[in-house]
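Undergrad: To start, I am sharing the structure in question, which I have written as structure tokens.
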Ligand SMILES: NC(=O)c1ccc[n+]([C@@H]2O[C@H](COP(=O)([O-])OP(=O)(O)OC[C@H]3O[C@@H](n4cnc5c(N)ncnc54)[C@H](O)[C@@H]3O)[C@@H](O)[C@H]2O)c1
């Protein structure tokens, strides 16, 4: 079997997934080249400027100085690697269907340079069958004749950006190899960076489990958002109801309402699942409905916020507080706050925003002073947001995060 004693690793894609993985691998004794097709990103990384919150500039500087890490755009770096992992985006296209372009391109670029005996792992989230039916055929097409043995596995990334507790080391990692040799090498590799690699029987099980994990969240958030509207009609405080249900010691997990779902995973991965279902001439109606409920939630939030304005004023000045897709990150990808902003604007209101982590949002700057608003909506409880200065002006606040319950002037969902 292939030995991993040399410990040269190439990671394709140096974003929210690939860069923290690179740091964890360096800590575990690997020499890492982080490949990225963005020259700008590679330049920033080699100047110790981290694009993700979970990797500090200081950490980046230290690993570069130790010569254990560098970033590059040159796929020939792959020739020296025993392990290559792919961590590129797997978004949706305009039809809200899987867009595997980056994964296909990364595989195609890597294939000619894989040395004999290399393990290629896909960490990108995708539907079951992606390794077997998409990645491996591309490698077969573009590999060179010297590559007698190549090994393939799936190990879906579970990183949770901004999470202080769970990281590469202590989060169990699913590993599914395409054959027994691939599986053994992949388990060996992940044992070196993770306390608990979890063997599954096939790559498809690992791919499907990743979709189940994130779809579980989408569906439960959809359920609680739907339930929130019912509680609102009935005059019940949904958060009190959830806290009450949460006292049951088994069989219940609390999810909280909000504006919707955001980020690169929860709004996206379940649609890989629905596509997978339709590809098998089936469907996943529960998932589709939950997606719809979440996508409509901004309208409920808008109505509730507008109801807090005295005299039902038209052309209201509305402040959105927190526009990242979740607290602690500067990431606005798929943020549901964008739907709320656009909807309020179509109703004719003047919508401004502020987020201590974000300097420009969709080309617009934040409001310079948090004064003179008719209502403020706390969309995401971003650290550094001070509600006192809003409250002291008598501006009503709708808190969509349930962080400031029981405070005069603050209404929760
Ligand atoms: N962000 C998360 O919280 C998270 C968590 C778990 C899993 N994932 C999954 O991990 C994968 C990567 O997501 P991410 O958030 O790290 O993306 P990202 O956008 O933060 O980073 C991806 C990087 O890949 C680079 N890239 C794109 N195409 C490339 C190519 N052909 N060759 C080389 N580099 C290329 C981009 O320039 C970018 O720097 C996705 O499948 C995502 O669903 C993400």
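Undergrad: For a quick check of your reading of the model, give me the residue pairs whose first member lies in the stretch 15-36 and is over 19 Å from residue 330 (Cβ atoms) and in a strand (DSSP E or B), whose second is at pLDDT 95 or above and within 9 Å of the ligand (Cβ to nearest atom), with beta-carbon atoms closer than 6 Å and at least 6 apart or on different chains.
TA: Listed pairs, sorted by first residue: 34/14; 35/12.
Undergrad: Give just the number: which of (1) in contact (Cβ under 8 Å) with a residue 24 or more places away in the chain; (2) loosely packed, with under 14 Cβ neighbours inside 10 Å; (3) in a loop (DSSP other than H, G, I, E, B) does residue 76 not satisfy?
TA: Of everything listed in (1) in contact (Cβ under 8 Å) with a residue 24 or more places away in the chain; (2) loosely packed, with under 14 Cβ neighbours inside 10 Å; (3) in a loop (DSSP other than H, G, I, E, B), residue 76 misses just condition (3).
Undergrad: Out of curiosity, is residue 337 within 21 Å of residue 404 (Cβ to Cβ), in contact (Cβ under 8 Å) with a residue 60 or more places away in the chain and touching a strand residue (DSSP E or B) at 6+ places or on another chain (Cβ under 9 Å)?
TA: Here the answer is yes, as residue 337 does meet what is asked.
Undergrad: Output the residues belonging to the stretch 130-166 that are assigned to a loop (DSSP other than H, G, I, E, B), away from the ligand (no atom under 12 Å from the Cβ) and touching a residue at least 40 places away in the same chain (Cβ under 8 Å).
TA: Listed by number, the list holds a single entry, 149.
Undergrad: Just checking, which of 125, 107 is surrounded by 23 or more Cβ atoms within 10 Å (Cβ to Cβ), within 14 Å of the ligand (Cβ to nearest atom) and assigned to a loop (DSSP other than H, G, I, E, B)?
TA: 125
Undergrad: Look through the stretch 18-71, keep the residues that are more than 23 Å from residue 190 (Cα to Cα) and in contact with a strand residue (DSSP E or B) (Cβ under 7 Å, 6 or more places away or on another chain), and return whichever of them is farthest from the ligand (Cβ to nearest atom).
TA: Checked the stretch 18-71; the qualifying residue farthest from the ligand (Cβ to nearest atom) is 46.
Undergrad: Could you figure out which of (1) under 19 Å from residue 334 (Cα atoms); (2) part of a loop (DSSP other than H, G, I, E, B); (3) more than 14 Å from the ligand (Cβ to nearest atom) isn't true of residue 264?
TA: (3)
Undergrad: Here's a check for you: in the stretch 7-17, which residue that is surrounded by 24 or more Cβ atoms within 10 Å (Cβ to Cβ) and either more than 19 Å from the chain's Cα centre (by Cα) or within 9 Å of the ligand (Cβ to nearest atom) (or both) is nearest to residue 125 (Cα to Cα)?
TA: By that ranking, first place goes to 17.
Undergrad: Moving on to the next point. Between 216, 252, which is modelled with pLDDT of 95 or more, under 18 Å from the mean Cα position of the chain (by Cα) and surrounded by fewer than 18 Cβ atoms within 10 Å (Cβ to Cβ)?
TA: Just a single option satisfies the conditions, and that option is 216.
The values are calculated or read from the model by the stated rules, or taken from the named source; none is laboratory data. In this text, all values refer to a predicted model and were calculated from it rather than measured experimentally. In this analysis, Cβ positions are derived from the backbone assuming ideal geometry, glycine residues included, and neighbour counts consider all displayed protein chains.
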